[in-house]
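The values are calculated or read from the model by the stated rules, or taken from the named source; none is laboratory data. Quick caveat: nothing in here was measured; it's all calculated off a predicted structure. Virtual Cβ from ideal backbone geometry, glycine too; neighbours counted across all protein chains shown. To get the accessible areas, we keep the full protein, side chains included, count just its heavy atoms, and leave off ligands, DNA and RNA. Shrake-Rupley method; radii C 1.70, N 1.55, O 1.52, S 1.80 Å.
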Amino acid sequence: MPLVNMKDMLQHAYRNGYAVGSFDLPSLDFLEAIVVAAESARAPVILSLAESHFNNFDFELAMSAVETAAHRAVVPVAIHLDHGANSDSAVKAIRLGCNGVMVDATHLSLGENLEITSAVVKMAHACGVAAEGKLGYVPDVEEEAERPHGVVSYTTPAEAKGFVERTGVDFLEVSIGTVHGQMNAKHKFDWSRLKEINAALGIPLAIRGGSGVTHEQFHKLITMGVAKINYNTALSDIAGDSIRSAAKSRAGGYSTLLAGVRAAVSSEVERCMRMWGSAGRAAEVMTQCRPWLNVERVVVYNASGLGGERLRVMEESQRQLSAIPGVREIQVGSVANKSTRYRHCWLIRFASTAVIESFNQHPVHVDFTDRLFRTAAADSLTADYLVASVEPDAIDFPFSCEVATPNTRPSLERVKI
Ligand code: 13P
């Protein structure tokens, strides 16, 4: 169960003066290593899926493993889409199980960044998902070396304030001097800029380019509002070193070469968690943040008005309704036991309780229910259930329990599965 609301998680970090690590997952080895480190440090953690890595693995396949790892973990976890290419990427990420999304539109004009980010935030919030925005440009190490320090595309406090107000982002990634890749320790940050941004916004800030930042610099970043640190290159380098050293010293194939990767990555992740103050915070975060729970809509019905067309009509409706943001999956079923009163069912999995309302009000759903379902399947029952894979009774749900009645607006029940 320990998936938690990502906005709550980062608000907790921001208010309590520490930062949560957001670690990229280029492989399953990293996934296991990061979760093991978080459990060992008793730290909240963000599992980050960067769209730039999707050429190396199948995002959909990986997300099954990521979600399983998050559910099994004994520390609070959030799953984040990093550097999404566009709004469709964010919709897909939410469908696959991410509860935080970030679409990077900083290569476009400020106006376009505002427009795209606002649309992503609106969609994400309708799904109950946290949204991160980005303002300013974070270069690669090589690029940075070729330009005068600090002159290009740093985030300005005034722009940041307007951006947050107009888009409604939950966190903002800022550019104040960090770079992608192993940063030189002599590198300087624009501290007064960061201080001003933090004072102007009062929301958790994120930085990209955590590799190579010194202990002192991290400490100062966190005191100035940074609550989310993206960290990748250092872990990738450590994994690479482990593989190179195994290749030199041992004969053997793939498994032998990878044997040391998990321990090496885990040890670095744990070091970061201790340095950033997230170690030891897991229990507080679990009790103070809302659990992230999917909702299962159960619709059972008898179709009298569709005749032989039922299958075709329902298949088409299933396809259209599945595309509504926040819908994770729609399964359809026919009766397995003759004594069951209803012959057909739909099981619709929503990303969160927020989707109940946005789905019900979505024009595609309204059209489906008004034009088709109410008349063709008047004999039906609909109910929404919060679902968890383990011990949902242990979760203090912030909802009252009501029993659904046929053809009324669905309500929430607790269910043990
Ligand atoms: P580093 O690769 O510099 O750690 O930055 C990580 C990051 O920004 C993730 O995209």
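General observations
- Residue match in segment 235-250 (condition: free of Cβ contacts under 8 Å to residues at least 24 places away in the same chain and under 29 Å from H12 (Cα atoms)): no
- Listed by first and then second residue, the pairs with beta-carbon distance under 7 Å, at least 6 apart or on different chains, first residue in segment 74-90 and without any contact (Cβ under 8 Å) to a residue 24 or more places away in the chain, second more than 14 Å from the ligand (Cβ to nearest atom) and among the hydrophobic types (A, V, I, L, M, F, W, C), form an empty list.
- Test for K228: is it within 18 Å of K188 (Cα to Cα) and either in contact (Cβ under 8 Å) with a residue 24 or more places away in the chain or of a type outside the set (K, R) (or both): no
- Scanning segment 332-376 for residues being touching an Asp or Glu at 6+ places or on another chain (Cβ under 6 Å) and open to solvent by 80 Å² or more (accessible area, probe 1.4 Å) gives a total of 0.
- Residues being away from the ligand (no atom under 12 Å from the Cβ) and hydrophobic (A, V, I, L, M, F, W, C) are entirely absent from segment 206-215.
- All strands (runs of 3 or more DSSP E) inside segment 274-352 with 2 or more residues being under 28 Å from A90 (Cα atoms) and β-branched (V, I, T): 294-302, 327-334
- Residue satisfying all of: in segment 156-190; open to solvent by 50 Å² or more (accessible area, probe 1.4 Å) and part of a helix (DSSP H, G or I); farthest from G100 (Cα to Cα) among these: A158
- Taken as a whole, segment 283-291 holds at least one residue that is touching a Pro at 6+ places or on another chain (Cβ under 6 Å), open to solvent by less than 60 Å² (accessible area, probe 1.4 Å) and either touching a residue at least 12 places away in the same chain (Cβ under 8 Å) or more than 30 Å from R349 (Cα to Cα) (or both).
- Checking each residue of segment 311-331 against the condition of being open to solvent by 30 Å² or more (accessible area, probe 1.4 Å), in contact with a Leu (Cβ under 7 Å, 6 or more places away or on another chain) and modelled with pLDDT of 95 or more gives at least one match.
- Complete set of residues in segment 257-313 that are of a type in the set (V, I, T) and more than 30 Å from H215 (Cβ to Cβ): V295, V298, V299, V300, V313
- Members of segment 1-12 found to be modelled with pLDDT under 95 and open to solvent by 20 Å² or more (accessible area, probe 1.4 Å), listed by number: M1
- Residue in segment 235-257 that is of a type in the set (V, I, T), within 12 Å of the ligand (Cβ to nearest atom) and either in contact with a strand residue (DSSP E or B) (Cβ under 8 Å, 6 or more places away or on another chain) or assigned to a loop (DSSP other than H, G, I, E, B) (or both) present: no
Residues are listed down the side, and each one gets a yes or a no for (1) free of Cβ contacts under 8 Å to residues at least 24 places away in the same chain; (2) farther than 23 Å from V120 by Cβ:
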position	(1), (2)
V313	no, yes
Q320	no, no
A323	no, no
R328	no, no
G333	yes, yes
K338	yes, yes
C345	no, yes
R349	no, no
S352	no, no
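- Condition met for A199 (modelled with pLDDT of 95 or more and not in a helix (DSSP H, G or I)): no
- Remark: R281 matches the filter, which requires a residue to be among the charged types (D, E, K, R) and under 14 Å from S40 (Cα atoms).
- Checked against the criterion of being buried (at least 24 other Cβ atoms within 10 Å of the Cβ) and within 16 Å of the ligand (Cβ to nearest atom), the candidates I229, I197 yield just one match: I229.
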